[in-house]
Each structure stands twice: as structure tokens, then as C-alpha cells.
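J.: Take a look at this one; I'll ask things after.
The values are calculated or read from the model by the stated rules, or taken from the named source; none is laboratory data. Remember, predicted model here, so these are calculated numbers, not experimental data. For neighbour counting, all protein chains shown are included, and Cβ atoms are generated from backbone atoms with ideal geometry for every residue, glycine included. Ligands, DNA and RNA are stripped out before the accessible areas are found, and what is left, the full protein with its side chains, is counted by its heavy atoms. Shrake-Rupley method; radii C 1.70, N 1.55, O 1.52, S 1.80 Å.
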Amino acid sequence: MIDCRKPSLRMAVIAAALASAFSASAQTDNDTLVVTTTDTLVTRHPYAESSAQMYSVWCQVYGCLGRYNYAARKFEGLLAERWEQLDDLTWRFHLRRDLVRHDGGPGPTTADVLHSYNQVMTDPQSQGRFYLSSVKEIRRVDDHTFDIITKEPTSSLLGQLFDKFTITSEEIFRREGGVASYNTAPIGWGPYKLRNFAISERITLDRNEAYPGKVESSPRTVVFRRIQEPDQRVTALLNGEVHIARLIPPQLVGRLDNVPSVEVRRSPSNEPMFIGFNAKIKPWDDPRVRRAAAMAINKDIIIQRILFGMANRLDGPVGTEQVCYTTPIANRTPYDVQGARKLLAEAGYANGGPAVDFYTAAGRYISDRQVGEAITQMLNQAGFKVTLHTPEFASLWANVRAGKAPMYYMGRGLALEPSEWLSQYFETGVTPRISYSNPQLDALFDKDRKTFAFEERCKIIREISQLIDTEAPAIFLWNHQYVSGVRKGVRFVPDASGELWLPDVGL
Amino acid sequence: MLRHIAGRVLGAVPVVLLVALGIFALVRLAPGDAASTLAAEDATEADLARMRAQWGLDQPVLVQFFYFLTNLARLDFGTSYRYHAPVTELIGQRLPATIELAVIALLIAAAIAVPLGVATALRKGSWLDGLGSLVAVLGVSAPSFWIGILLVLFVSGYLNLLPSSGRIPLDVPLREMTGFVLIDSLLQGQVGVFRQGLEHILLPATTLAFGMIGIIARISRSAVIDVGQEEFVVTAVAKGLKRREVVRNHLLPNATVPIITIIGLELGTLISGSIVVEVVFSWPGLGSLLYSAVTSRDIPLTTGIVISYTFIFISLNVLVDLVYVLIDPRLRVGRA
């Protein structure tokens with residue numbers, strides 16, 4: 001018998017009692033998969049928030065036309081069964097007929113697609129107009145067939161629409177009082193049903209048992225639990241509060257090493273990190289100065305020392321997980337400090353300079369401030385006189401958008417289709433973020449849009465990549481890796497989207 | 001009494017107006033704007049212009065301020081740019097979580113700090129007094145995010161005693177009645193949920209309480225020392241009353257006014273100062289909502305929350321005044 005009169009023993013008994021009383025609550029049941037998210041989870045309105053997390057959730061609840069399968073490296077239909085191109089401007093889509101709505105109602109029809117298109121384009125809260133910006137109209141062919149007519153030839157249409165264009169029921173919208181239906185009846189055709197959406201806290205989904213081809217081993221219930229602090233995500237994983245902790249920063253991966261119940265899984269992302277130069281602001285109007293900066297930065301050492309090897313070096317703007325990547329471009333800008341000095345001398349800075357202002361957010365991207373400091377040192381070694389600024393992200397981003405930031409470190413999310421985002425930054429007059437103009441590059445972008453043969457198109461994208469690397473209106477650095485801590489026994493292969501396709505996950 | 005309350009409420013009107021003016025100016029002076037922050041990365045300049053027009057941000061500042069004041073007079077803070085919901089509704093949803101956190105933090109702080117302050121006053125100059133000073137300095141100087149992360153790592157990570165974040169366990173069947181998890185669970189007889197709610201609140205509340213312990217302990221100590229020098233205490237000791245009786249019947253009752261004052265004021269500070277703790281612990285309260293509003297330049301939500309904090313602070317001050325009157329007979333006599 002334990003003598004609890006001794007203070008030390010009494011404390012031990014109290015601690016043991018507390019542990020047994022409390023720790024049980026941290027566990028989760030066997031059918032429920034709990035996954036962390038850092039997304040703000042702001043609204044149940046499927047068109048009112050533009051984030052990878054919410055696109056993924058709504059695609060799996062309401063349903064979207066299709067998705068990009070990173071493992072197979074191809075676009076797959078979800079609500080759309082198949083599609084074909086009728087001419088340069090017309091794409092025909094055929095909807096699946098084997099789907100049943102979550103409430104037992106009919107499967108998706110052309111009326112639902114037209115309704116969703118209308119919602120994206122006219123709802124004042126909609127944040128999705130951009131992914132339908134190349135669409136001129138959607139035309140009904142029959143109840144399960146429709147044509148998308150584009151404003152101009154758009155070879156990347158699938159990349160623009162798939163994963164993002166959520167289809168909602170026209171009938172439910174009408175019956176349940178319009179936009180309010182997103183709160184009261186979030187009913188769709190996807191492989192999961194929305195059980196609960198606690199704003200800024202969690203989303204709970206239940207498996208749709210009536211979904212054709214349902215995977216028995218996929219989790220019956222999935223909870224996306226919002227945990228912003230990385231330390232807490234790791235702690236919650238180690239505690240058994242969550243099964244998958246996403247976005248583990250490199251410096252915390254060590255906490256998961258040698259933990260028998262946990263595995264670390266990595267995937268390259270498709271968020272290229274780059275340094276953008278505004279060519280309207282001196283000295284970045286001079287390609288020799290831009291190229292000198294590109295040659296002065298030792299990407300490998302930053303990846304090894306600051307990012308702990310958890311990033312994939314980019315040689316040119318297209319990363320391994322993006323559409324059309326095959327091999328690195330032929331003529332890559334080398335790391336060559338002497339060469340950088342020589343270029344600066346040619347540009348008129350033989351006696352030092354130029355003085356430049358470099359902006360990076362602090363806390364937005366992995367180790368962004370430290371990366372900014374390292375790049376500053378490297379540029380200074382080559383002869384630049386760099387002043388580093390670390391404003392709040394909202395302020396920096398507003399300046400970048402308005403074309404007021406001369407040099408900045410930034411990432412570009414959801415960059416699956418390289419031609420889309422490269423056009424956004426580097427095609428003349430599209431946005432002022434880089435203010436770069438090159439008729440040769442513009443012609444290539446135009447040619448890319450009109451080229452529908454995949455191999456041919458990828459050749460053009462390689463030409464675009466090579467030209468951008470040579471001209472250096474931006475320096476492409478790396479893709480961070482998505483690092484997830486996963487409890488043993490959970491089947492989950494992370495991909496470059498950073499999201500989970502739940503039918504592929506297993507407990 | 002009613003006249004006193006009415007006077008305080010009327011006096012609050014210019015304070016609220018000043019705060020409104022200040023916050024309106026500050027959020028507009030801050031660099032960056034809501035449209036560019038909240039629009040999708042691919043959004044075009046036309047999309048941004050449409051968003052600005054929709055929110056009235058394309059109007060002259062004076063026009064915006066006029067609308068802001070007229071809406072404020074109706075207690076209508078508008079619709080959040082980010083959450084697409086009325087600001088008053090969002091505040092109503094989040095306020096109970098913050099109040100619950102602040103009250104539990106205050107209870108923890110008071111339970112530790114008041115006895116500590118009294119004990120250190122009674123043993124002035126002893127090792128206990130030194131320890132009390134150390135605790136006070138640590139509490140005031142240690143940043144709450146650091147304390148919070150340490151507690152998570154140790155209590156949650158190492159000991160695995162308490163959950164690391166969140167407010168309630170996953171999808172508990174708790175019907176919302178008051179918005180306070182601890183109260184709702186008790187009202188519905190769900191003791192298990194109450195216990196789980198308590199587990200979730202303990203770490204953030206302790207973190208929040210940490211900074212308060214030092215302040216309340218030091219005020220309590222000073223109050224007891226001050227009262228101890230009063231003539232009636234000296235008389236009581238001279239009459240031969242036992243030390244315990246002197247403390248219980250003379251020292252403590254007369255030291256309560258400053259202690260109640262600081263506790264009342266600190267509750268306001270806790271409610272408005274929980275931002276960092278709420279963010280660290282993913283606590284779904286008003287503080288984390290304010291953080292989200294500021295970082296996304298959500299002007300209606302930011303102004304709405306700050307003005308709500310002002311109302312809360314003023315209300316608590318009035319409440320503290322009323323409590324004075326209840327606990328100190330001299331004030332009642334004075335008013336009569």
C-alpha cells in the first residue's frame with residue numbers, strides 16, 4: 001500500500017491521477033482523421049474565399065469539374081466525366097450521370113453549372129472571377145453536356161478551372177433562400193459531406209457513403225483543425241490530438257525525429273519562391289544588374305543552412321511539380337560572384353553600388369527574414385549596397401501589387417500551370433508587379449495560349465523559362481517542401497498542392 | 001446612485017467618440033489596403049477596383065467618416081470584408097470565449113496573487129517577500145507568447161496532461177445557450193464536457209494570468225502594508241487582539257478597496273489584452289478575431305472590435321465604482 005502521507009509520494013499520486021484524468025481527452029476515435037490547417041476558415045460561402053484549403057474542401061463536398069492528380073501527373077474528371085476540344089475557342093464537357101446529391105436529389109446538371117458560373121461572376125462576395133476570366137460564356141447543349149466558350153484560345157483552361165470551380169446546386173440555392181443555403185444546406189455531390197463548419201476553428205466532414213467508387217479504407221470522418229502556431233501543431237501530433245500535422249517548419253522537424261509513433265513525410269510544393277525586380281525602378285531596368293544579382297546568390301547554401309535542406313532548388317521558373325516540367329533548362333545562370341562583379345562594372349558600378357532597397361515579409365514564408373538577411377550579405381559581397389526592409393506582409397503585398405516595390409522576396413501559390421502565373425508577372429501590361437516588357441516573351445505567351453498539343457506547348461514553356469532565366473526580371477530560388485508529421489498507420493502521401501484528397505487517405 | 005451611473009455613462013460618450021476617431025484614422029493610415037490583401041493572388045486590377053467600390057473605399061475619407069459615425073450611432077459596425085458577416089454578429093459569437101478566458105485567468109491570478117500579496121506584506125523583508133517580488137517581476141516582464149509556448153511544450157508536450165490548443169473537444173454535442181462553454185455544459189448537465197472545457201481553458205488562462213499575478217500581488221501587498229500603519233490597527237494590536245483576528249477583522253476588510261479596483265481594472269485589461277494568448281492557443285475569441293482583422297485590413301471589423309473593447313472597459317470601470325459603494329460603508333454615508 002502506498003503511504004500518501006509522504007509529500008513526494010502524495011505529489012506523484014496526484015500527478016498520476018491528473019495524467020489519467022486528463023490525457024484520455026487528448027485522444028481521438030479510430031474512425032476520425034484529424035488534420036491541422038493554418039487556413040483562417042472564414043466563411044461557409046464556397047465562392048467567397050480564395051485559398052487552396054477551401055478550394056480543396058469545397059471540391060470534395062460540393063464537387064468541382066475535375067482535379068489535377070499529382071501522382072498520375074494529369075487532369076482527372078470529378079463531376080465531369082470527359083471533355084473534348086471542339087475548336088480553338090470551344091471546349092465540350094460531359095457531366096457524370098452516376099452521381100446522387102447528398103440529400104438523395106439528382107446528380108449535377110448543366111443548369112447547376114450555369115448557376116455556379118453565374119454565382120462566381122455576379123455574387124458580390126465572390127473571389128473567384130479570376131479563374132473564369134478567360135471564359136466568354138457557358139452554353140447548354142443538353143442536361144448533362146455544356147460548352148465553355150473562351151474569349152481567346154486558352155490552352156491552360158483545365159488548369160484554370162479544375163480544383164477551383166465549385167459546382168453548387170441551382171435547385172438547393174433557389175429552394176433554401178439563395179446565399180443563405182450555403183449555411184443551411186451545404187449539399188453537393190462530392191465524396192465527403194459537410195457536417196460542421198466552426199468559423200476559425202474547424203471543419204468536420206463525413207464520408208459520402210453513396211459516392212460511386214467510395215474507398216472503404218478512407219476515413220469516415222475528417223476534421224480540419226485550425227492550429228496556427230507550428231510548435232503547437234507538433235505538440236498536438238505528439239500528443240495524439242491530431243493524425244497529420246501539416247506545414248512543419250524545418251527547424252521543428254527535429255522534434256519528430258526518433259519518435260516511433262510518427263513519420264515525417266515531405267513533398268515539393270508548387271509555390272515558387274523568387275526575387276522580383278521592378279524594371280521601372282533603377283537600377284533594375286538594366287538586365288546586367290539583374291543578372292549580376294542572380295549570379296551573386298548561392299541558392300544551395302541557403303537551402304542547406306537556413307532551410308535545412310527542405311526546399312528544392314529552382315533553375316528557371318518551372319518547378320518539378322508544375323505542368324510541363326521535364327528537365328532543368330539548358331543554360332542556367334551560374335553562381336559566380338566574380339562574374340557578378342564584372343557585370344556590375346560593365347553596368348557602370350565598378351567602384352561599388354548600386355544602392356538598392358530589398359523587401360521581404362517577416363513570418364509569412366519559412367525563415368523569410370533569415371533568407372532575406374543571407375541574400376543581402378551575398379549581394380553586398382558582389383558589390384551591391386543593399387538595405388533590407390521587413391514590412392508586414394499586407395503592406396508589402398499592396399506595394400508589390402501596385403508596382404511600387406523595387407526588389408522583393410515572394411512566393412507564388414497555386415502555380416500548377418506555369419504559363420498562367422508567368423504571364424501575370426512577365427507579360428507586358430498584365431500586372432505592374434514586375435513592369436517588365438519583352439516583345440519576344442509576349443509573342444511566346446501568345447503562342448503558348450494558342451498551342452493545344454501538350455508536347456508542343458511544353459516546348460514553348462521551356463523557351464519562356466529560358467528567356468526569363470537569361471533576362472532575369474526575377475530570380476527563381478526554390479520551392480519549399482511541404483513537410484508533414486504523420487502518425488504511424490495513417491496512409492497519406494503528400495503532394496505539391498499541400499492539400500489532402502481524402503479518398504486517397506486511409507486510417 | 002442612478003445619477004452617478006448616468007453621469008459615468010454620459011461621460012463615456014466623448015471617450016467612445018475619441019476612440020472612434022482615433023481608430024478610424026489609424027486603420028486608414030496603415031499601409032496596404034483590404035482589397036489587395038483579401039483578393040485572390042490572380043485577381044485583376046478591375047477586381048480590386050470593384051471590391052473597393054463595393055466597400056465604399058473609393059469614396060472621399062470625410063464621406064467614409066460620416067457613414068462610419070452615423071452607423072456607429074446605430075451601433076451598426078457594418079459587414080466584415082473578410083468574414084462576409086455583420087460585425088456585431090461576429091463580435092457576439094466571439095465575445096463569450098474571450099470573457100470566459102479572462103474570467104478564469106482572473107480567478108487564477110487572484111487566487112494566487114492576493115494570498116501571496118497579503119503573506120508578503122505580513123512578512124515584509126523575509127525570504128517570502130523576496131520570492132513574491134521575484135514572481136511579480138517575472139510575471140510582468142515575461143512575454144505571454146513565450147510563457148504560452150513554454151507551457152504548451154512542457155504541460156502539453158512533455159507531460160501530456162492538457163490539450164495544446166482549441167476551446168472545446170472535437171464536435172461535442174453541446175447546444176449553445178449562453179456561448180460560455182463552461183456554463184452551457186453545466187446547464188445541460190454535461191459534466192464530461194465541462195471537464196474537457198476546463199482542460200482546454202487551463203493553459204491559455206494560466207498564461208494570461210501570469211502577467212496579472214505580479215501586479216495584483218504587489219497592489220495587495222502595498223494595500224495591506226498601508227492599512228497596517230493605520231491607527232485603528234495599531235490600537236487593535238495594543239488591545240492585545242490575536243494577530244489572526246487583527247488580519248481578518250481589521251487589515252483585510254480595509255485593504256479590499258484597492259485590491260477590488262485593480263482586479264476590476266485588470267479584467268478589462270485581460271479581455272482586451274488576450275490577443276497574443278488567443279493567437280498562440282488558437283482560442284476562438286475576440287483577440288484572435290482582431291488579429292485576423294488587422295492583418296487583413298478589415299476596417300469594419302477592426303473598428304467594431306476596438307470600440308467594443310472601449311465599451312467593455314468603461315462598463316467595468318462603472319461596475320468597479322458600484323462595487324466600492326457596496327463594500328465600503330464610508331462611501332455610502334458620504335453619498336447620503
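J.: I need the helices (runs of 4 or more DSSP H) fully contained in region B:116-212, keeping only those with at least 3 residues that are at the interface with another protein chain (Cβ under 10 Å from one of its Cβ atoms) and either open to solvent by less than 50 Å² (accessible area, probe 1.4 Å) or under 25 Å from B:E266 (Cα atoms) (or both).
T.: Details: elements: B:127-141, B:144-151, B:181-187.
Of the helices (runs of 4 or more DSSP H) lying wholly inside region B:116-212, those with at least 3 residues that are at the interface with another protein chain (Cβ under 10 Å from one of its Cβ atoms) and either open to solvent by less than 50 Å² (accessible area, probe 1.4 Å) or under 25 Å from B:E266 (Cα atoms) (or both) span B:144-151.
J.: Mind listing whichever residues of region B:1-27 are assigned to a helix (DSSP H, G or I) and over 26 Å from the mean Cα position of the chain (by Cα)?
T.: Step one: list which residues in region B:1-27 are assigned to a helix (DSSP H, G or I), which gives B:2-27.
Scanning region B:1-27 gives B:L2, B:R3.
J.: Can you find a residue in region B:35-55 that is outside any helix (DSSP H, G or I), more than 9 Å from chain A (Cβ to nearest Cβ) and farther than 16 Å from A:T431 by Cβ? Can you show your working first?
T.: Step one: list which residues in region B:35-55 are outside any helix (DSSP H, G or I), which gives B:39-44, B:55.
Next, from what is left, pick out any that are more than 9 Å from chain A (Cβ to nearest Cβ): B:55.
Add one more test, that the residue is farther than 16 Å from A:T431 by Cβ, and what stays is B:55.
For region B:35-55, residues outside any helix (DSSP H, G or I), more than 9 Å from chain A (Cβ to nearest Cβ) and farther than 16 Å from A:T431 by Cβ: present.
J.: Same structure, new question: Only residues that are buried (at least 19 other Cβ atoms within 10 Å of the Cβ) and of a type in the set (K, R): list them for region A:429-459, please.
T.: A:R433, A:R449, A:R457 - these are the residues of region A:429-459 that are buried (at least 19 other Cβ atoms within 10 Å of the Cβ) and of a type in the set (K, R).
J.: Among the listed residues B:L10, B:L29, B:L17, B:L62, identify the single one that is more than 28 Å from B:L319 (Cβ to Cβ), open to solvent by 60 Å² or more (accessible area, probe 1.4 Å) and away from chain A (no Cβ under 14 Å).
T.: Numbers: B:L10 fails: more than 28 Å from B:L319 (Cβ to Cβ); B:L29 fails: away from chain A (no Cβ under 14 Å); B:L17 fails: more than 28 Å from B:L319 (Cβ to Cβ).
Result: B:L62 is the single residue among B:L10, B:L29, B:L17, B:L62 that is more than 28 Å from B:L319 (Cβ to Cβ), open to solvent by 60 Å² or more (accessible area, probe 1.4 Å) and away from chain A (no Cβ under 14 Å).
J.: Checking the conditions here, which among B:S308, B:S296, B:S274 is away from chain A (no Cβ under 14 Å) and open to solvent by less than 10 Å² (accessible area, probe 1.4 Å)? It would help to see each step written out before you state the result.
T.: On the way: B:S308 fails: open to solvent by less than 10 Å² (accessible area, probe 1.4 Å); B:S296 fails: away from chain A (no Cβ under 14 Å).
Selected residue: B:S274, the only one of B:S308, B:S296, B:S274 that is away from chain A (no Cβ under 14 Å) and open to solvent by less than 10 Å² (accessible area, probe 1.4 Å).
J.: In the set A:R92, A:R101, which member is assigned to a loop (DSSP other than H, G, I, E, B) and in contact (Cβ under 8 Å) with a residue 40 or more places away in the chain? Quick ask: steps written out before the conclusion?
T.: Numbers: A:R92 fails: assigned to a loop (DSSP other than H, G, I, E, B).
The conditions single out A:R101.
J.: A further question follows. For region A:40-58, which residues satisfy the criterion of being farther than 13 Å from B:Y83 by Cα and either at the interface with another protein chain (Cβ under 10 Å from one of its Cβ atoms) or open to solvent by 10 Å² or more (accessible area, probe 1.4 Å) (or both)? Step through it out loud before you land on a result.
T.: Going through region A:40-58, the residues farther than 13 Å from B:Y83 by Cα turn out to be A:51-58.
Answer for region A:40-58, where residues must be farther than 13 Å from B:Y83 by Cα and either at the interface with another protein chain (Cβ under 10 Å from one of its Cβ atoms) or open to solvent by 10 Å² or more (accessible area, probe 1.4 Å) (or both): A:S51, A:A52, A:Y55, A:S56.
J.: Another one. Evaluate the following for A:Q466: is it polar (S, T, N, Q) and within 27 Å of A:P432 (Cβ to Cβ)?
T.: Values: polar (S, T, N, Q): yes; within 27 Å of A:P432 (Cβ to Cβ): yes.
Answer is yes for this residue.
J.: Residue pairs, Cβ under 6 Å, 6 or more apart or interchain, first in region A:489-504 and touching a residue at least 12 places away in the same chain (Cβ under 8 Å), second of a type in the set (K, R) and open to solvent by 20 Å² or more (accessible area, probe 1.4 Å). List them.
T.: That search, which allows pairs on different chains as well, returns A:P494/A:R265.
J.: Between A:Y335, A:Y359, which is in contact with a His (Cβ under 6 Å, 6 or more places away or on another chain) and either of a type outside the set (F, W, Y) or on the phi < 0 side of the Ramachandran plot (or both)? It would help to see each step written out before you state the result.
T.: Details: A:Y335 fails: in contact with a His (Cβ under 6 Å, 6 or more places away or on another chain).
Selected residue: A:Y359, the only one of A:Y335, A:Y359 that is in contact with a His (Cβ under 6 Å, 6 or more places away or on another chain) and either of a type outside the set (F, W, Y) or on the phi < 0 side of the Ramachandran plot (or both).
J.: Could you pull out the residue among B:L290, B:L319, B:L326 that is part of a helix (DSSP H, G or I), of a type outside the set (K, R), without any contact (Cβ under 8 Å) to a residue 60 or more places away in the chain and closer than 24 Å to A:F197 by Cβ?
T.: On the way: B:L319 fails: closer than 24 Å to A:F197 by Cβ; B:L326 fails: closer than 24 Å to A:F197 by Cβ.
It is B:L290.
J.: A further question follows. Take the conditions outside any loop (DSSP other than H, G, I, E, B), of a type outside the set (D, E, K, R), in contact with a helix residue (DSSP H, G or I) (Cβ under 9 Å, 6 or more places away or on another chain) and under 16 Å from A:A496 (Cα atoms) and apply them to A:F75. Does it pass?
T.: Values: outside any loop (DSSP other than H, G, I, E, B): yes; of a type outside the set (D, E, K, R): yes; in contact with a helix residue (DSSP H, G or I) (Cβ under 9 Å, 6 or more places away or on another chain): yes; under 16 Å from A:A496 (Cα atoms): yes.
So A:F75 passes the test.
J.: Let me ask another. Output the qualifying pairs, or none if there are none: Cβ atoms under 9 angstrom, residues six or more apart or on different chains, first residue in region B:212-228 and more than 11 Å from B:L252 (Cβ to Cβ), second residue open to solvent by 40 Å² or more (accessible area, probe 1.4 Å) and outside any helix (DSSP H, G or I).
T.: Pairs found: B:R221/B:K124; B:I225/B:K124.
J.: Would you check which residues across region B:78-90 are open to solvent by less than 30 Å² (accessible area, probe 1.4 Å) and either more than 13 Å from every other protein chain (Cβ to nearest Cβ) or of a type in the set (F, W, Y) (or both) and list them? Even if it seems obvious, please write down each step before you answer.
T.: The first filter runs over region B:78-90 and keeps only residues open to solvent by less than 30 Å² (accessible area, probe 1.4 Å), leaving B:78, B:80-81, B:83, B:85, B:87, B:90.
Those that are open to solvent by less than 30 Å² (accessible area, probe 1.4 Å) and either more than 13 Å from every other protein chain (Cβ to nearest Cβ) or of a type in the set (F, W, Y) (or both): B:G78, B:Y81, B:Y83, B:V87.
Residues checked against (1) more than 25 Å from the chain's Cα centre (by Cα); (2) modelled with pLDDT of 95 or more; (3) under 23 Å from A:K299 (Cβ atoms):
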residue	(1), (2), (3)
A:F445	no, yes, no
A:R457	no, no, no
A:R462	no, no, yes
A:T470	yes, no, yes
A:P473	no, yes, yes
A:L477	no, yes, yes
A:V486	no, yes, no
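J.: Restricting to region A:394-409, and then to whatever is surrounded by 20 or more Cβ atoms within 10 Å (Cβ to Cβ) and touching a Ser or Thr at 6+ places or on another chain (Cβ under 8 Å), can you tell me which residue is farthest from the other protein chains (Cβ to nearest Cβ)?
T.: A:Y409
J.: How about region A:188-236: which of its residues are of a type outside the set (D, E, K, R), over 23 Å from B:R94 (Cβ atoms) and within 23 Å of the chain's Cα centre (by Cα)?
T.: Initially, region A:188-236 is screened for residues of a type outside the set (D, E, K, R), giving A:188-192, A:194, A:196-200, A:203-205, A:208, A:210-213, A:215, A:217-219, A:221-224, A:227-228, A:230, A:232, A:234-236.
Keeping just the survivors that are over 23 Å from B:R94 (Cβ atoms) gives A:188-192, A:205, A:208, A:210-213, A:215, A:217-219, A:221-222, A:230, A:234-235.
Residues satisfying the conditions are A:G190, A:P191, A:Y192, A:L205, A:V222, A:P230, A:V234.
J.: Next up: Count, please, the residues in region A:159-200 that happen to be assigned to a helix (DSSP H, G or I), closer than 12 Å to A:Y62 by Cα and among the aromatic types (F, W, Y).
T.: Residues in region A:159-200 being assigned to a helix (DSSP H, G or I), closer than 12 Å to A:Y62 by Cα and among the aromatic types (F, W, Y): 1 in total.
J.: The conditions are (1) farther than 30 Å from B:T207 by Cβ; (2) assigned to a helix (DSSP H, G or I); (3) free of Cβ contacts under 8 Å to residues at least 60 places away in the same chain, and B:L72 fails exactly one of them. Which is it?
T.: Unmet for B:L72, out of (1) farther than 30 Å from B:T207 by Cβ; (2) assigned to a helix (DSSP H, G or I); (3) free of Cβ contacts under 8 Å to residues at least 60 places away in the same chain: (3).
J.: I'd like to check something: does region A:105-114 contain any residue that is over 25 Å from the mean Cα position of the chain (by Cα) and among the acidic types (D, E)?
T.: Within region A:105-114, one or more residues are over 25 Å from the mean Cα position of the chain (by Cα) and among the acidic types (D, E).
J.: Out of all the residues in region A:259-282, which are among the hydrophobic types (A, V, I, L, M, F, W, C) and either more than 30 Å from A:A355 (Cβ to Cβ) or part of a strand (DSSP E or B) (or both)?
T.: Once the filter is applied, which keeps residues that are among the hydrophobic types (A, V, I, L, M, F, W, C) and either more than 30 Å from A:A355 (Cβ to Cβ) or part of a strand (DSSP E or B) (or both), region A:259-282 yields A:V259, A:V262, A:V264, A:M273, A:F274, A:I275, A:F277.
J.: I'd like the full set of residues that are of a type in the set (S, T, Y) and facing chain B (nearest Cβ under 8 Å), limited to region A:178-228. Full working, then the answer.
T.: Going residue by residue through region A:178-228, those that are of a type in the set (S, T, Y) are A:181-182, A:184, A:192, A:200, A:204, A:211, A:217-218, A:221.
Correct list: A:S200, A:T204.
J.: Taking the residues in region B:193-217 that are modelled with pLDDT under 90 and not hydrophobic (A, V, I, L, M, F, W, C) as candidates, determine which candidate is farthest from B:E278 (Cα to Cα).
T.: Here the answer is B:G214.
J.: Shifting gears a bit: Could you say whether any residue in region B:241-248 is open to solvent by 60 Å² or more (accessible area, probe 1.4 Å), free of Cβ contacts under 8 Å to residues at least 24 places away in the same chain and not in a helix (DSSP H, G or I)?
T.: yes
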